[in-house]
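Visitor: Got a structure for you, questions after.
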Amino acid sequence: MSKNSGRKYTERSRLTSKRSRQTPEGNRRMPEGSRRISIERKQTSDKQRKPADESRRSPDRRKRPVVSSAQENGLKKSDRQPICPVMKKCGGCQYRNVTYERQLAMKQEQVSKLLQPFCRVYPIAGMEDPYHYRNKVHAVFDHLKDGTIISGVYEEKTHRVVPVDDCLVEDEKADAIIRDIRGMLRSFKIKTYDEDTGYGLLRHVLVRRGFATGQIMVVLVLGSPILPSKNNFVQALRKLHPEISTIIINVNNKKTSMVLGEKETVVYGKGYIEDVLCGQTFRISSKSFYQVNSVQTEKLYAKAIELAGLSGKERVIDAYCGIGTIGICAAARAREVIGVELNRDAVRDAVRNAKRNEKKNILFYNADAGEFMTQMAAQGEQADVVFVDPPRSGCSEAFLRAVVRVRPARIVYISCYPETQARDLKYLTANGFRVQGAYPYDCFPFTGHVETIVQLNKPKQLQTANI
Ligand code: SAH
């Protein structure tokens with residue numbers, strides 16, 4: 001390891017493109033075009049501006065369940081439990097009426113069906129208490145013909161709001177804050193936004209709560225920038241919920257299904273919250289991806305890092321790194337870590353998170369993971385372990401092709417979508433990687449989604465035929 005490996009980056013460091021292509025060792029060139037981000041750095045391309053929610057990997061609760069409802073219909077009476085009153089219209093929890101035990105069995109079956117052709121599928125890790133696990137809650141606002149203000153979720157494929165007061169998978173405090181905001185709207189003369197006409201102001205409210213720290217972020221998403229009596233509104237909300245750590249106004253004036261717009265103003269607190277995972281503290285801003293189930297995420301990361309088999313000598317890539325959580329948790333056991341992530345805000349958080357946790361052997365690049373790996377491969381860069389944690393769509397073929405060329409000793413592939421994971425395993429195994437095992441984790445009780453870690457080992461010899 002070179003003397004420069006512990007090079008400290010400071011909040012003020014502005015990196016030139018040349019320096020940004022160097023590793024912590026300071027002498028190896030990193031892929032052209034990738035940027036190690038500095039905190040002062042201004043925004044660049046549209047691709048990098050893409051808000052995290054657009055490419056978010058945590059399953060959208062309203063998307064198609066992984067396990068089909070046909071299977072659910074075949075349930076015995078003993079596998080059923082009382083149904084949620086809005087289950088059908090909300091569409092978030094495909095398994096709300098299924099006992100937790102049976103849910104786990106169904107997810108195990110689904111993962112086995114897809115991944116058993118490659119390896120042994122270990123028993124799924126479920127939750128002791130599968131309720132109220134979601135640390136991020138999003139509500140859309142509307143009003144009825146008689147003027148009654150409602151908040152909840154969109155009925156699938158419509159702009160009709162299904163009222164939800166409290167939900168069995170969402171954080172209870174977050175639900176209470178949303179209810180109270182709804183109650184304040186009339187006295188502050190704040191109109192709810194109409195998605196069809198574009199008339200009105202309040203579009204959505206997003207609440208995030210740090211599981212370990214209890215810190216709370218409230219994001220008010222408005223259709224236009226001015227919130228009437230802003231200071232009084234903030235004061236009144238804080239009076240009802242003094243536990244709120246930060247309040248942000250986000251402006252989204254586009255006709256879009258995206259929740260958050262580009263422009264944000266912090267109206268109270270620091271504009272971010274912190275949470276602790278695996279003993280490390282993470283800063284989370286409104287647009288950054290952060291796993292929604294903290295209890296299961298700790299177990300998931302611990303297993304992923306165990307499967308990486310780190311001894312302290314390895315060069316590790318954390319691909320699709322988000323705010324740097326996996327890489328930062330693994331850094332103490334590696335020689336150096338390189339994180340790559342497309343979302344600029346997340347990379348910014350990642351840089352600060354590394355500093356906050358005194359990890360000096362980790363660097364982050366704001367780039368497309370496929371392009372980054374391709375250039376690493378082209379420049380003859382080496383890596384010992386690659387963590388892969390892509391969105392639902394899985395890895396691009398360019399990424400997989402480059403990983404095969406870089407030939408890490410180990411790949412630890414974490415996925416929330418076993419279909420695309422199976423597709424990518426097919427490519428990797430066709431190119432010589434061996435799959436050691438699959439470890440499912442139930443990070444999304446009552447939904448049809450499941451998270452799975454797969455460990456792959458290096459090919460004995462590179463088979464170039466499909467590259
Ligand atoms: N590993 C992180 C984040 C996983 S979510 C965690 O556990 O929290 C997947 C991440 O991939 C998101 O942060 C998303 O912004 C990012 N992403 C999506 N497409 C990407 C691409 N083409 N290249 C790099 N990162 C991408």
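Visitor: Could you figure out which of (1) assigned to a helix (DSSP H, G or I); (2) crowded, with 18+ Cβ neighbours inside 10 Å isn't true of ARG179?
Guide: Evaluating ARG179 over (1) assigned to a helix (DSSP H, G or I); (2) crowded, with 18+ Cβ neighbours inside 10 Å leaves (2) as the failure.
Visitor: Now a separate question. Could you check how many residues of the stretch 281-297 are touching a strand residue (DSSP E or B) at 6+ places or on another chain (Cβ under 6 Å) and either without any contact (Cβ under 8 Å) to a residue 12 or more places away in the chain or more than 8 Å from the ligand (Cβ to nearest atom) (or both)?
Guide: Count: 8.
Visitor: Moving to a separate point now. Taking ALA354, is it away from the ligand (no atom under 13 Å from the Cβ), in a helix (DSSP H, G or I) and touching a strand residue (DSSP E or B) at 6+ places or on another chain (Cβ under 8 Å)? Please lay out each step first, then the result.
Guide: Details: away from the ligand (no atom under 13 Å from the Cβ): yes; in a helix (DSSP H, G or I): yes; touching a strand residue (DSSP E or B) at 6+ places or on another chain (Cβ under 8 Å): yes.
The answer is yes for ALA354.
Visitor: Looking at the stretch 360-386 only, could you name the residues that are surrounded by fewer than 23 Cβ atoms within 10 Å (Cβ to Cβ) and either more than 16 Å from the ligand (Cβ to nearest atom) or without any contact (Cβ under 8 Å) to a residue 60 or more places away in the chain (or both)?
Guide: The answer is LYS360, ASN361, GLY370, ALA377, ALA378, GLN379, GLY380, GLU381, GLN382, ASP384.
Visitor: Identify, please: which residue in the stretch 278-300 is open to solvent by less than 10 Å² (accessible area, probe 1.4 Å) and over 12 Å from the mean Cα position of the chain (by Cα) and is, among those, nearest to PRO130 (Cα to Cα)?
Guide: Pass one, the stretch 278-300, residues open to solvent by less than 10 Å² (accessible area, probe 1.4 Å): 282, 284, 286, 288, 291-294, 296-297, 300.
Cutting the leftovers down to over 12 Å from the mean Cα position of the chain (by Cα) gives us 282, 296, 300.
Values: PHE282: 24, GLN296: 10, LEU300: 16 Å.
Ranking the qualifying residues of the stretch 278-300, first place goes to GLN296.
Visitor: Next up: Does the stretch 387-432 hold any residues that are away from the ligand (no atom under 14 Å from the Cβ) and at positive phi, and which are they?
Guide: Listed by number, the residues that qualify are ARG407, GLY432.
Visitor: Now, a different point. Would you be able to say whether some residue in the stretch 194-203 is touching a residue at least 12 places away in the same chain (Cβ under 8 Å) and either basic (Lys, Arg) or assigned to a helix (DSSP H, G or I) (or both)?
Guide: yes
Visitor: Filter the stretch 341-350 down to the residues that are open to solvent by 10 Å² or more (accessible area, probe 1.4 Å) and either under 22 Å from LYS303 (Cβ atoms) or not in a loop (DSSP other than H, G, I, E, B) (or both), then identify the one that is nearest to the ligand (Cβ to nearest atom).
Guide: Residues of the stretch 341-350 that are open to solvent by 10 Å² or more (accessible area, probe 1.4 Å), as a first pass: 341-342, 344-345, 348.
Next, from what is left, pick out any that are either under 22 Å from LYS303 (Cβ atoms) or not in a loop (DSSP other than H, G, I, E, B) (or both): 341, 344-345, 348.
Details: GLU341: 5, ARG344: 10, ASP345: 9, ARG348: 12 Å.
That would be GLU341.
Visitor: Determine if the stretch 407-419 includes at least one residue that is part of a loop (DSSP other than H, G, I, E, B), closer than 24 Å to GLU451 by Cβ, open to solvent by 20 Å² or more (accessible area, probe 1.4 Å) and touching a His at 6+ places or on another chain (Cβ under 9 Å).
Guide: Checked the stretch 407-419: at least one residue is part of a loop (DSSP other than H, G, I, E, B), closer than 24 Å to GLU451 by Cβ, open to solvent by 20 Å² or more (accessible area, probe 1.4 Å) and touching a His at 6+ places or on another chain (Cβ under 9 Å).
Visitor: OK, next. What number of residues within the stretch 74-126 satisfy the criterion of being in a helix (DSSP H, G or I), hydroxyl-bearing (Ser, Thr, Tyr) and under 30 Å from VAL412 (Cβ atoms)? I'd like the intermediate steps shown before the answer.
Guide: Just the residues of the stretch 74-126 that are in a helix (DSSP H, G or I), to begin with: 77-79, 87-90, 100-115.
Restricting the remaining residues to those that are hydroxyl-bearing (Ser, Thr, Tyr) gives 78, 100, 112.
The next check asks that each one be under 30 Å from VAL412 (Cβ atoms); those that pass are 100, 112.
Within the stretch 74-126, residues that are in a helix (DSSP H, G or I), hydroxyl-bearing (Ser, Thr, Tyr) and under 30 Å from VAL412 (Cβ atoms) number 2.
Visitor: Checking the condition in contact with a helix residue (DSSP H, G or I) (Cβ under 7 Å, 6 or more places away or on another chain) and surrounded by 14 or more Cβ atoms within 10 Å (Cβ to Cβ), which residue from VAL234, VAL218 passes? Break it down into steps so the answer makes sense when it comes.
Guide: Numbers: VAL234 fails: in contact with a helix residue (DSSP H, G or I) (Cβ under 7 Å, 6 or more places away or on another chain).
It is VAL218.
Visitor: Please find, within the stretch 134-152, the residue that is surrounded by the most Cβ atoms within 10 Å (Cβ to Cβ) out of those that are more than 20 Å from the chain's Cα centre (by Cα) and in a strand (DSSP E or B). Steps first, please.
Guide: From the stretch 134-152, those more than 20 Å from the chain's Cα centre (by Cα) are 140-152; that's our starting set.
Next cut, in a strand (DSSP E or B) only: 140-143, 149-152.
Values: VAL140: 22, PHE141: 25, ASP142: 22, HIS143: 16, ILE149: 19, ILE150: 17, SER151: 23, GLY152: 21.
Selected residue: PHE141.
Visitor: Report whether or not TYR365 is assigned to a strand (DSSP E or B) and either among the charged types (D, E, K, R) or closer than 15 Å to ARG315 by Cβ (or both). Even if it seems obvious, please write down each step before you answer.
Guide: Working: assigned to a strand (DSSP E or B): yes; either among the charged types (D, E, K, R) or closer than 15 Å to ARG315 by Cβ (or both): yes.
Here the answer is yes, as TYR365 does meet what is asked.
Visitor: For the stretch 308-332, enumerate the residues that are open to solvent by 10 Å² or more (accessible area, probe 1.4 Å), away from the ligand (no atom under 13 Å from the Cβ) and touching a residue at least 60 places away in the same chain (Cβ under 8 Å).
Guide: GLY309, LEU310, LYS313, GLU314
The values are calculated or read from the model by the stated rules, or taken from the named source; none is laboratory data. All values derive from a computational prediction rather than experimental measurement. Don't worry about glycine lacking a Cβ; one is built from the backbone with ideal geometry, like all the others, and counts go over all protein chains shown. What goes into the accessible areas is simple: the full protein's heavy atoms, side chains included, and nothing from ligands, DNA or RNA. Shrake-Rupley method; radii C 1.70, N 1.55, O 1.52, S 1.80 Å.
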